[in-house]
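The values are calculated or read from the model by the stated rules, or taken from the named source; none is laboratory data. Quick caveat, the model's predicted, so the values are computed rather than measured. Virtual Cβ from ideal backbone geometry, glycine too; neighbours counted across all protein chains shown. All accessible areas refer to the heavy atoms of the entire protein, side chains included, with ligands and DNA or RNA removed. Shrake-Rupley method; radii C 1.70, N 1.55, O 1.52, S 1.80 Å.
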Amino acid sequence: MDNPGGSEILTTLLQNQTMELDLFINSQQSERLRTALEEQSRRQTALLLRTHQSRIQFLIAQKDEEVAAAARRGAELRECLDRTEMEKERWRRVAQENEARIGRLRMSCGGCNRRRCCVVMVPCRHLCSCRECEPQLESCPVCKTVKKAAIDAFL
Ligand SMILES: [Zn+2]
Ligand SMILES: [Zn+2]
């Protein structure tokens, strides 16, 4: 060998270059791997978020439906209650009218204030006098309308 030192230097240089190249390739590979891993992680997170979001949206929709159903039930109950109240009020009025009618029928004579009324005055049509008092009454004891006639009432 003419120049064994030079060959050695060349070998060392080549080795160094190979190592640097290896390092370079390694770093490139690890960079790609890192990017790939990051991408995968990002995708998984996004998927998880989407799954979570749709689950939350589903739960919200379910709650909304429950609230709406409760509101509907409430409205139905209120309507039912209103109808019952109206019916109750109607019957109360009917009972009141009946009581008033009975009260009028039991009313004592406007002349003697003692015997029960059994004569209807005309024209006012008030049931306001007993048979005994009627001939002496010139007007209705309830409304003071002048009597034109008197009719026996069926009681
Ligand atoms: Zn009387
Ligand atoms: Zn009268």
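Please enumerate the residues belonging to the stretch 141-151 that are in contact with a Ser or Thr (Cβ under 9 Å, 6 or more places away or on another chain), within 8 Å of ligand 2 (Cβ to nearest atom) and more than 13 Å from Cys112 (Cα to Cα).
Within the stretch 141-151, just Thr145 meets the criteria.
Answer yes if at least one residue in the stretch 103-117 is of a type in the set (A, V, I, L, M, F, W, C), away from ligand 1 (no atom under 16 Å from the Cβ) and surrounded by 10 or more Cβ atoms within 10 Å (Cβ to Cβ), and no otherwise.
Pass one, the stretch 103-117, residues of a type in the set (A, V, I, L, M, F, W, C): 105, 107, 109, 112, 117.
Next cut, away from ligand 1 (no atom under 16 Å from the Cβ) only: none.
For the stretch 103-117, residues of a type in the set (A, V, I, L, M, F, W, C), away from ligand 1 (no atom under 16 Å from the Cβ) and surrounded by 10 or more Cβ atoms within 10 Å (Cβ to Cβ): absent.
Take Leu23 and tell me if it is over 30 Å from Cys128 (Cα atoms) and either open to solvent by less than 100 Å² (accessible area, probe 1.4 Å) or in the same structural domain as Cys128 (by TED's automatic domain parsing) (or both). Before you say what the answer is, go through the steps one by one.
Values: over 30 Å from Cys128 (Cα atoms): yes; either open to solvent by less than 100 Å² (accessible area, probe 1.4 Å) or in the same structural domain as Cys128 (by TED's automatic domain parsing) (or both): no.
When the stated conditions are applied, Leu23 does not pass them.
Please specify each residue of the stretch 133-148 satisfying the condition of being over 60 Å from the mean Cα position of the chain (by Cα) and either among the small types (Gly, Ala, Ser) or loosely packed, with under 14 Cβ neighbours inside 10 Å (or both). Before the answer, list the steps.
The first filter runs over the stretch 133-148 and keeps only residues over 60 Å from the mean Cα position of the chain (by Cα), leaving 133-139, 146-148.
Result: Pro135, Gln136, Glu138, Ser139, Val146, Lys148.
Being within 16 Å of ligand 2 (Cβ to nearest atom), without any contact (Cβ under 8 Å) to a residue 24 or more places away in the chain and not in a loop (DSSP other than H, G, I, E, B) is the filter here; which residues of the stretch 104-131 pass it?
Correct list: Arg104, Ser108, Cys128, Ser129.
Among the residues of the stretch 118-132, count how many are within 14 Å of ligand 1 (Cβ to nearest atom) and open to solvent by 50 Å² or more (accessible area, probe 1.4 Å).
So the answer is 3.
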